[in-house]
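Each remark here refers to the structure printed beneath this line.
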Amino acid sequence: MSRFRSRLLFALITLIIVVLVGLGLLLGQLFKSFYLNTFNQRLEKETNLVTLLVEEEETITPSLQKHLGDIGKTLSARISIIDLDGTLQYDTDGIVQPEEDSHQEVLQQIIEKNKDKERIYYERNDEMYYYGATLMRDGERAGFVVLSTPVESLHRVNQQIWGLLIASLGAALVVILLLGVRITAQYTRPIESATKVAMELAKGNYKARTYEEHVDETGMLSQSINVLARNLQDMTKAQEMQQDRLSTLIENMGSGLILIDGRGYVNLINRAYKETFHVEQSDYLYRLYYEALEHKEVVELVEEIFMTEVRVRKQIVLPLKIERRHFEVYGAPIIGFNDEWKGIVLVFHDITELKKLEQMRKDFVANVSHELKTPITSIKGFSETLLDGAMNDKETLEYFLSIILKESERLQSLIEDLLDLSKIERQGFKLNMDYVDIHELLEDILIILEAKAKEKEISLELYKAKRELFIFGDNPRVKQIFINLINNALAYTPPGGKVEVTVQDAGDMVEITVSDTGIGMDEEEIPRIFERFYRVDKARSRNSGGTGLGLAIVKHLVEAHHGKITVKSKVNSGTAFKVKLSKENKDLQ
């Protein structure tokens, strides 16, 4: 039952109950007053009749006593004759000592208070009625004739009257309620139906309809509600279709998108933006742009658009985790009708790959040329010196030939790394997967690099896990990963330093950490260390015989094993490379 019908019925029931209760109280009092008056009149007549009977006899004879006893039984009353002094002359229940009979005490009190009155009326504790009349003998007052009767009959009749009234009024209330419910239901049902449909429409359920049963005003209301619902449904379908098209376009576009309203709050970010910047929607929506956006360059671009209200197109570089990504950002103000400012839209085109390809071409030419130039120049210079006559000196000949051999080996190492990296990056590169004992593999690597560590007076330690651990991977390639990492740690750690390799069980993964106490690096350099030919300390790298391709190879091999590599470093405190490899690698099985 609706609230409207409930309120209507509640008001109606309250009114009916108030009327019926008032009517019942009025009728009850009327019936009670009528019966009480009738009772008093009857008692007065009976008392007068008994008084006349007593006055006919000069004394209280046995015959009179017999008549009075019969009358008392017939009237269900107690008849008492009292003189003016309050002495009981006769009583149908017999005369007893005053201290033993409260009835006699009551009569004496009544006579004392009403000596001068012709009539006596007294009610005791709502239990007994006393009615008396003056007894005349020889024209003089000789006493009183008092009839006393219990009020139990009055209470009984009063209860019967109230019971009858309650039953009658209760039946009337039930009948009226039934009629009221039916009538209110008939007139409120169309209104309730229209109200429910209106509420459903307000919630967005435009399929809701109401019944058109009547042709009166309620029927017209139902028809109008249905017409409104159909119009809203048609409009909503068209709007939903446009919204779906727009949402599909925004969510599936390849570029990231941010929508900022006129007050500076972020209203929308698409899936490409969340995937590119690795953020959650809840961290951005309905927050001010300068609180939500992490990168200062983007905040400045938004502020520029807010101030100038013109389109902006910029190329910016943003650090994301351990990478630096290049974006071409289009920013445009959103201007509504009447030049109303609506907000800003930003589109992020990820051009990292294009920049990488462009930079790769430049770097490859520059770096390879530079890396090849040094050993070739050395080989050429020493060869020319030998041809000019230095070869006649055996000691000089051997020294120059050893340098030429060393530079040739460096040249060979560079070419091999280039070929290896090219092979790893080539599409269709396959790993020869098998279960590898990681402890055994690392022990083999430490044996290989132990001589280099001793030569530099560096402590090289392996800390194994508590139990044997196996990973599913390509044994030579995994060995190549850790040879490069440990070799780098030895190269960048000064004499007297320490290099530690720690193996830990991480559930489905095996975690291997290669940490050193070397020179470390700045946080700004961390995203670039996996780039080709990038060196933190170029002089040290070249002197150590490095090609600048080792970490690039490591990163590609870890990713080929569906693993993860992270870096933590602090200048002059050391660096820690953490590699996570899967025990099962079900995707590669």
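Per residue, the solvent-accessible area of the chain (1.4 Å probe, heavy atoms of protein chains only, all protein chains present) comes to 61 Å². Counting only alpha carbon atoms, the long axis of helix 550-560 and the longest principal axis of the chain meet at about 50°.
Can you tell me how region 452-503 classifies by the Cα gyration tensor, rounded, prolate or oblate, using a/c under 1.5 as the rounded cut? Intermediate values should be presented prior to the final figure.
Details: a/c = 3.42, a/b = 1.63, b/c = 2.10.
Verdict is oblate for region 452-503.
Find the Cα radius of gyration of region 322-476, compare it with 2.2 N^0.38 Å by division, and give the number to two decimals. Before the final figure, lay out each step's value.
Values: Rg = 27.0 Å, N = 155, 2.2 N^0.38 = 15.0 Å.
Its radius of gyration relative to the 2.2 N^0.38 Å reference: 1.81.
Stretching Leu387 away from Arg124 to a fully extended chain increases their span by 79.0 nm, per 0.36 nm per residue minus the current alpha-carbon distance.
For Leu405 and Glu297, what does the FRET efficiency come to when R0 = 35 Å and r is the distance between their Cβ atoms, rounded to the nearest 0.05?
Numbers: r = 50 Å, r/R0 = 1.43.
My answer for the efficiency is 0.10.
Compare the peptides 170-181, 316-327 by average per-residue count of other Cβ atoms within 10 angstrom and give them in order, highest first.
Working: 170-181: 13.0, 316-327: 16.4.
Descending packing order for the listed peptides: 316-327, 170-181.
For the listed peptides 333-340, 496-503, a ranking on the average number of other beta carbons within 10 Å per residue, highest first, reads 496-503, 333-340.
Between Gly497 and Ser459, the built amide H atoms are under 5 Å apart, and every one of these is 5 or more places off in sequence or on another chain.
Cross-link partners for Lys321 among the aspartates and glutamates, with Cα-Cα distance under 17 Å and sequence neighbours closer than 8 places in the same chain left out: Glu275, Glu280, Glu294, Glu297, Asp350, Glu353, Asp522, Glu523, Glu524, Glu525, Glu531, Glu559.
The label point for Val365 and the one for Lys274, both projected 7 Å from the Cα toward the Cβ, are 4.3 nm apart.
How much length would be gained if the chain were fully extended between Asn158 and Leu228, taking 0.36 nm per residue of separation minus their Cα-Cα distance, in nm to one decimal?
On the way: separation 70, 0.36 × 70 = 25.20 nm, distance 6.32 nm.
The span from Asn158 to Leu228 would gain 18.9 nm if fully extended.
Extending 7 Å from the Cα toward the beta-carbon at both Leu249 and Ala172 defines two label points whose distance is 7.5 nm.
Could you tell me which of the pairs Lys373/Lys580; Lys452/Lys479; Lys356/Lys456; Lys356/Lys568; Lys466/Lys498 are separated by over 28 angstrom between their Cα atoms in the structure shown? All intermediate terms of the calculation are to be shown ahead of the outcome.
Working: Lys373/Lys580 38 Å; Lys452/Lys479 17 Å; Lys356/Lys456 37 Å; Lys356/Lys568 24 Å; Lys466/Lys498 22 Å.
Beyond 28 Å: Lys373/Lys580; Lys356/Lys456.
The alpha-carbon of Lys73 sits under 21 angstrom from the alpha-carbons of these lysines, leaving out residues fewer than 8 places away in its chain: Lys45. May I ask you to list the lysines whose Cα is less than 18 Å away from that of Lys207, ignoring any residue fewer than eight positions away on the same chain? By straight Cα distance, Lys207 reaches Lys196, Lys237. Using equal-weight Cα scatterers in the Debye expression, the normalised intensity of region 166-250 in log10 at q = 0.16, 0.20, 0.22 Å⁻¹ is -0.72, -0.88, -0.97.
Expressed as a fraction of 2.2 N^0.38 Å, the value expected for a compact globular protein of N residues, the C-alpha radius of gyration of region 243-330 is 1.08. Run a plain Debye calculation on region 382-471 (Cα atoms as equal point scatterers, no solvent) and give log10 I(q)/I(0) at q = 0.17, 0.26 Å⁻¹, rounded to two decimals, same order as the q list. So the normalised log intensities are -0.99, -1.13. Using a simple spin-label model with pseudo-atoms 7 Å out from Cα toward Cβ, Glu450 and Ala142 lie 15.4 nm apart.
Karplus-based coupling profile of region 46-56, in residue order and whole Hz: 5, 5, 4, 5, 5, 4, 4, 5, 5, 5, 5, with θ = phi - 60° in 6.51 cos²θ - 1.76 cosθ + 1.60 and x standing for Gly or Pro.
Mind checking the angle between helix 152-203 and the chain's longest principal axis? C-alpha axes, 0 to 90 degrees, to the nearest 10. The answer is roughly 30 degrees. With all protein chains in place and a 1.4 Å probe, the accessible surface of the chain carries 54 percent carbon and sulfur. Between helix 352-387 and the chain there is an angle of about 30 degrees, using the helix long axis and the longest principal axis of the Cα atoms.
Report Rg/Rh for the chain, rounded to two decimals, where Rg is the Cα radius of gyration and Rh the Kirkwood radius. Spell out each step's value before the answer.
Details: Rg = 57.7 Å, Rh = 37.3 Å.
Rg divided by Rh gives 1.55.
The values are calculated or read from the model by the stated rules, or taken from the named source; none is laboratory data. What you see is a predicted model, and the numbers here were worked out from it, not measured in a lab. Counting neighbours? That spans all protein chains shown, and the Cβs are built from the backbone with ideal geometry, glycine included. Surface accessibility is based on the protein's heavy atoms, side chains included, excluding ligands, DNA and RNA. Shrake-Rupley method; radii C 1.70, N 1.55, O 1.52, S 1.80 Å.
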